[in-house]
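The values are calculated or read from the model by the stated rules, or taken from the named source; none is laboratory data. Only a predicted model underlies this, so the values are computations on that prediction, with no experimental measurement involved. Cβ coordinates were reconstructed from backbone atoms using ideal geometry, including for glycine residues, and neighbour counts include every protein chain displayed. Side chains included, ligands, DNA and RNA excluded: accessible areas come from the protein's heavy atoms. Shrake-Rupley method; radii C 1.70, N 1.55, O 1.52, S 1.80 Å.
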Amino acid sequence: DTGVSQDPRHKITKRGQNVTFRCDPISEHNRLYWYRQTLGQGPEFLTYFQNEAQLEKSRLLSDRFSAERPKGSFSTLEIQRTEQGDSAMYLCASSLASNLDEQFFGPGTRLTVL
Amino acid sequence: QKEVEQNSGPLSVPEGAIASLNCTYSDRGSQSFFWYRQYSGKSPELIMFIYSNGDKEDGRFTAQLNKASQYVSLLIRDSQPSDSATYLCAVLSNTGNQFYFGTGTSLTVIP
C-alpha cells in the first residue's frame, strides 16, 4: 500500500494521559499536514511540515499539542494531558510542495478521551 | 466569519437528477479551490480542483468558480446512490500554507 498510513486507527485514553499518533506520508511527498475533525465539521488545520521543518501552526493549537517530523519522512503528533474536548478524528495528509492540488489523506486516528 | 461556508444540508435528490452543491469563501486572495467527498467513517478523498473562473468538467462532475462573487460550486450529473456522502469544499490560503475546509454538505441520492 503506497498511500498515507496512520497508527493507531483508534485510541481510547483517560483524561490527563498523553497520547502519540504516527503518520507515514506517501514516500515522495515533502509536505505533511495534520488536521482534526469532529462530528459534523470539516477538517480543521492544525499544523504542517515541509520536509522536517514545521512551517505553520494553527493559532487554535493548544500548547498541549506538539508535532515532529524529525527526518522529513514520518511525523508524530503528541497530545499531553488529554481533555475530553480532544476527542476527535486526527487526520494526516501529504502532498508535494510543487503540486499542492493533490493532497491525499490517511485513514485517520480516532481518539476518545474518557 | 468563517473562511469557507457551506450549507450543511442534508440535500436529497432522486437517482439520475443533478445535485448542486455550493460554497462561499472569504479570502479574496485565494487561488485554489477543491471539492472532497467523504463517506461516513472514512477520510476525505479529492474529487476535483479548480483555479480559473468558469467551469471544469470531469466525468459526471463539474466544478464552477466565480472569483468575483467568491463562490464555488459542484454539480453532479446523473446522481447515483453511491454518490451519497458528505461533500467538503476546501480553499487553499493565499500563502499556499493552509487548506480551509467548510463543514460539508450531506448528500443523499434516493434510488
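Summed over both chains, the accessible area lost when A and B associate is about 1600 Å², using a 1.4 Å probe.
With all projection directions averaged, the alpha carbon convex hull of segment A:68-108 covers 3.9 nm².
Note on B:Asn94 and A:Thr20: the model spin-label points, each 7 Å out from Cα along the C-beta direction, lie 4.0 nm apart. Taking amide H positions as modeled 1.01 Å from N, with prolines and chain starts lacking one, the residues under 5 Å from B:Thr103 and 5 or more places away or on another chain are A:Gly42, B:Gln6. Determine, at each q value in 0.18, 0.22 (inverse angstroms), the log₁₀ of I(q)/I(0) that the Debye formula gives when each Cα of chain A is one equal point scatterer. The Cα Debye sum returns log10 ratios of -0.85, -1.26.
Which whole number gives the average count of other chain Cβ atoms within 10 Å of the Cβ atoms across peptide A:101-113? The per-residue average across the peptide is 3. Amide H to amide H, with H built 1.01 Å from N, B:Gln31 comes under 5 Å of B:Leu92, counting only residues 5 or more places away or on other chains.
All C-alpha to C-alpha distances of chain B, sorted into 5 Å bins beginning at zero, yield P(r) values of 2, 13, 24, 26, 19, 10, 4, 1, 0 percent in whole numbers. Computed from Cα atoms alone, the Kirkwood hydrodynamic radius reported for the protein assembly as shown is 18.1 Å. Across segment A:84-95, computed HN-Hα scalar couplings (Karplus, 6.51 cos²θ - 1.76 cosθ + 1.60, θ = phi - 60°) run 4, x, 7, 4, 4, 9, 9, 10, 10, 9, 9, 7 Hz from first to last residue, x flagging Gly and Pro.
Kirkwood radius and radius of gyration were both taken over the C-alpha atoms of segment A:1-57, and their ratio Rg/Rh is 0.99. Taking 7 Å steps out from each Cα toward its Cβ at B:Gln80 and B:Lys56 produces label points 2.2 nm apart.
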